[in-house]
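Let me give you the structure first, and then I'll get to my questions.
The values are calculated or read from the model by the stated rules, or taken from the named source; none is laboratory data. In this text the structure is predicted, and so the values were computed from the model without any measurement. Virtual Cβ from ideal backbone geometry, glycine too; neighbours counted across all protein chains shown. Accessible surface areas use protein heavy atoms only, side chains included; no ligands, DNA or RNA. Shrake-Rupley method; radii C 1.70, N 1.55, O 1.52, S 1.80 Å.
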Amino acid sequence: MMKLVAPLDAFGRGDLAMAGGKGANLGELVRSGFPVPGGFVVTTNAYDQVAQGHSGQAYFEQVELPGELREAILEAYAALGAGPVAVRSSATAEDLPGAAFAGQQDTYLNVVGEEALLDAVRRCWGSLWTDRAVAYRAKLSIDDSEVSIAVVVQSMVEAEMAGVMFTANPVSGDRGQLVIDASSGLGEAVVSGLVTPDHYVVDAEGQVEFTPGRREVVIRGAAGGGVTREKGTGAERLPDAVVGDLAVLGRRVAGHFGRPQDIEWAYAGGRVHLLQARPMTALPPPPVGSLNPLRRRLAAVLMEYLPVRPYPIDITTWIPHGPAGLMGKVTGAFGLRRGFEGFLSEEDGVVYAFIPPRPHPTVGVLAAPFRILAKARRYDPARWTEDPRFVAYLAAVRRLKERDLAAMPWPELVRVPRQALALVAPVADLRIDYLPGTGLALLRLLVAVKLLRRGKLFGDLMSGAVTRTTEANRALERLAQLARRTGALDADPPPAEFRAAFEEFLAEYGHRETLSPILVTPPTWSDDPETVLGLIRVLAAEPPPRKEGDDALDRLLAHPLLRSPRRRARMRRWVAAARAGIAFREDSHFSFTMPQPILRRSLVELGRRLRDEGVLDEPEDVFHLRLEELEAIRDPAEARLRDLVRARAAKREELAGVRLIDPAAVFPSLATGDALVAGSPASGGIATGPVKVIRGPAEFGKLDGGDVLVCPYTNPSWTPLFQQAAAVVVDSGGAASHAAIVAREYGIPAVMGTGTGTSVLEDGRLVTVNGDTGTVTEAA
């Protein structure tokens, strides 16, 4: 028989479809012996019986209840004592990980009498269709037809004090701390934010840190039903024993559900009552604690590669096989393990936290110096493009790129991602073989210029290296000149000459990343040509200054100890070898990312076909899946992944404002004096200009010549902006990061790893950047 009304203890966490999120969780608590006020649930079966396909708030607030349902509700109310009750909505999509729905449906307190109860039930049903509830579901891509609602009715607890308890610190993410907010009267004053509550932080040892509240208002039950608000008085405080009881209960509830909980509670008659429990949402990751210098340096590198939260498809494809996986293989080859693996943790199938790696040296480290020397002698970075492995790699990439993905049957198409990933293995071997020569050439030159007391020239000497990035920048400059000459940026469509040159540029450089080299989900330049047009607009607005000649090398060769032709020739060879090493590092990365757009296009094509079969709403929703989940699909028409994708999308939306790691753990606050922000000195010099915060490629066009570029991260795609900026200030990264290297090449000051630059500095503020001290101050 279809159950319309049933006591709370008839439900458990598996009964979401009948009792809704709140009812299922409360029933689970009752069954497990927790102190929950008695009550019953008007099930979703009752709602469906009344709804009969209707929707809309007004319909439910006026609808008459069928006699059988009315009788069942009033019978359960009588069994509860027919006294004051709390009536709470319990939608099937609420109180879930990733979709708390807090405050989206209605609650009615101190409901007295049969007619008032029936009216409150109807209003709870209607609250499923308020504008705010409909908009919230739309934000989480939850279809209205897929939700229903139950109603929880519980005996009213006339609380002396009440509030909310978090079983983990909602600000720091510390799982060892439990946070209690409390105030006089009913907890509604705390939940709705009407008061500044008493604040208790209880640590794992039971020590309590107390901050008194202000009790601006107290809500209490009125004699005939409903609630009253009155001005708060006194300084009542929870007894220490009650704080201890709450902490014990909170940790038991969290342990029972297996995750941190957000719990509403009330204290009355010397007892604590639990009124509601749901998973905490938007909870930051636990603090990582103190990092040693090596972990901090690795974290700084990886944070620059993680400007956005990776998707499940990222962590099962390009992260383990792309540049991060490559560096793991390189360091592993020389005896250092776990340097670039396992740095992301997941929760509910979604990347939740960045955990700085813990590198582990092996016995191979002892042999590393000998391997480095042997490889440096055998493999010359200046000739790496002649290596047969590289030639074969380019041919394999070209063959896979030329295949028609749209024409492939599903079994063939679903194999393409693995084929794209398999292409990159040879590049890892190339880096292992040629990086030793690069490192030794750089070290040799650095020692030489230091001994000659010309160490400050080292960065300028390296800026003379010709790389694929410098070639791309020059090509962009030529496009900008063409755009100025033809008026292409103001024409629709652009002139044919510009279109042809633009397409040629994308064919050569379009595989460059827009956001991160270790993620496959962000678009490439070819996928998002507006990013490239934004760069062209910046360069076309004000042509960048061009450096003439090789001034750094000329200044070095002018040293008195280099007057001998033999010594001058030797120094030229050393500089050329170091520059070849720089070019290898840059150009091997350029080549290494060539399979990435092939991988991305194959994934989007798989997503398109799943969308066409109604499995996904959009092709890009495929990013919420893991590669092995895609590979398990034999026929897209039979795939059953819609609910999984939506759950992960909801979890990702929940975490939208949550950082993967507290930047202060990687970039500790520095003593700044009068500085607005401070970080690591990365490129010397002093420059003054207005701040321009650029958060991503979509904002490239905002930068004007002479602006101080302030950004959360950089990668090679940002390089053309450095030609226009007066200075660069970056939240992440260090002296060896891409932004720092490019800033030194362009001779502009750079401050890296500020942690807070984009949040403290605002557009238009006139600041002075000191790249020698790593500070940004108000301009005098």
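With the structure loaded, tell me whether Tyr379 is more than 27 Å from the chain's Cα centre (by Cα), of a type in the set (Phe, Trp, Tyr) and buried (at least 19 other Cβ atoms within 10 Å of the Cβ) or whether it fails that test.
Yes; evaluated as a whole, the condition is true for this residue.
What tally of residues in segment 659-686 results from selecting those that are aliphatic (A, V, I, L, M) and open to solvent by 20 Å² or more (accessible area, probe 1.4 Å)?
7
Which of the helices (runs of 4 or more DSSP H) found entirely inside segment 590-666 contain at least 3 residues meeting this: of a type outside the set (Asp, Glu) and out of contact with any strand residue (DSSP E or B) (no Cβ under 7 Å at 6 or more places or on another chain)?
Passing ranges, in order: 595-612, 642-654, 663-666.
Could you name every one of the strands (runs of 3 or more DSSP E) located completely within segment 675-780 that has at least 1 residues being within 16 Å of Ala300 (Cβ to Cβ), in contact with a Leu (Cβ under 8 Å, 6 or more places away or on another chain) and at pLDDT 90 or above?
Filter on segment 675-780 gives 727-730.
Would you mention how many residues in segment 205-222 are open to solvent by 70 Å² or more (accessible area, probe 1.4 Å), part of a loop (DSSP other than H, G, I, E, B) and either in contact (Cβ under 8 Å) with a residue 12 or more places away in the chain or under 16 Å from Glu160 (Cα atoms) (or both)?
Of the residues in segment 205-222, 3 are open to solvent by 70 Å² or more (accessible area, probe 1.4 Å), part of a loop (DSSP other than H, G, I, E, B) and either in contact (Cβ under 8 Å) with a residue 12 or more places away in the chain or under 16 Å from Glu160 (Cα atoms) (or both).
With the structure loaded, tell me whether Arg259 is surrounded by 18 or more Cβ atoms within 10 Å (Cβ to Cβ), under 38 Å from the mean Cα position of the chain (by Cα) and in contact (Cβ under 8 Å) with a residue 24 or more places away in the chain or whether it fails that test.
Considered against the rule, which asks whether it is surrounded by 18 or more Cβ atoms within 10 Å (Cβ to Cβ), under 38 Å from the mean Cα position of the chain (by Cα) and in contact (Cβ under 8 Å) with a residue 24 or more places away in the chain, Arg259 comes out as no.
Yes/no per residue for (1) touching a helix residue (DSSP H, G or I) at 6+ places or on another chain (Cβ under 8 Å); (2) modelled with pLDDT of 95 or more:
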residue: Lys375; (1), (2): yes, yes
residue: Arg383; (1), (2): no, yes
residue: Val397; (1), (2): yes, yes
residue: Leu400; (1), (2): yes, yes
residue: Arg403; (1), (2): yes, yes
residue: Val414; (1), (2): yes, yes
residue: Pro426; (1), (2): yes, no
residue: Gly437; (1), (2): yes, yes
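Search segment 46-62 for residues that are on the phi > 0 side of the Ramachandran plot and pair each with any residue that is open to solvent by 10 Å² or more (accessible area, probe 1.4 Å) when their beta-carbon atoms are under 6 Å apart and the residues are at least 6 apart or on different chains.
Correct list of pairs: Gly56/Trp129.
Given the condition among the β-branched types (Val, Ile, Thr), over 30 Å from Pro529 (Cβ atoms) and surrounded by 18 or more Cβ atoms within 10 Å (Cβ to Cβ), answer yes or no: does some residue in segment 715-733 qualify?
No: zero hits.
From the list Arg484, Arg468, which one is modelled with pLDDT of 90 or more, charged (D, E, K, R) and more than 33 Å from the chain's Cα centre (by Cα)?
Arg484
Keeping to segment 178-189, report how many residues are more than 30 Å from the chain's Cα centre (by Cα) and closer than 15 Å to Met165 by Cβ.
3
So, one more: Hey, among Pro417, Pro388, Pro409, which residue is exposed (fewer than 12 other Cβ atoms within 10 Å of the Cβ) and under 27 Å from Arg601 (Cα atoms)?
Pro409
Among Lys692, Lys702, which is the only one that is more than 25 Å from Pro323 (Cβ to Cβ) and surrounded by fewer than 18 Cβ atoms within 10 Å (Cβ to Cβ)?
Just one listed residue meets the conditions, Lys702.
Now a separate question. Checking the structure you have, find out if any residue of segment 60-78 is at pLDDT 95 or above, surrounded by 13 or more Cβ atoms within 10 Å (Cβ to Cβ) and among the small types (Gly, Ala, Ser).
Scanning segment 60-78 turns up at least one residue that is at pLDDT 95 or above, surrounded by 13 or more Cβ atoms within 10 Å (Cβ to Cβ) and among the small types (Gly, Ala, Ser).
A follow-up question, please. Any residue at all in segment 145-168 that's open to solvent by 20 Å² or more (accessible area, probe 1.4 Å), modelled with pLDDT under 85, in a helix (DSSP H, G or I) and on the phi < 0 side of the Ramachandran plot?
The answer is yes, given that some residue of segment 145-168 is open to solvent by 20 Å² or more (accessible area, probe 1.4 Å), modelled with pLDDT under 85, in a helix (DSSP H, G or I) and on the phi < 0 side of the Ramachandran plot.
Is it the case that Pro310 is open to solvent by 10 Å² or more (accessible area, probe 1.4 Å) and either part of a helix (DSSP H, G or I) or touching a strand residue (DSSP E or B) at 6+ places or on another chain (Cβ under 6 Å) (or both)?
No, not satisfied.
Among the residues of segment 238-246, is there at least one that is more than 27 Å from Ala665 (Cβ to Cβ) and part of a loop (DSSP other than H, G, I, E, B)?
The answer is yes; a qualifying residue exists.
Restricting attention to segment 452-477, which residues are outside any helix (DSSP H, G or I) and among the β-branched types (Val, Ile, Thr)?
Correct list: Val466, Thr467.
Looking at (1) touching a residue at least 40 places away in the same chain (Cβ under 8 Å); (2) of a type outside the set (A, V, I, L, M); (3) surrounded by fewer than 17 Cβ atoms within 10 Å (Cβ to Cβ); (4) within 30 Å of Arg609 (Cβ to Cβ), which is the one condition that is false for Arg371?
All conditions pass for Arg371, except number (4).
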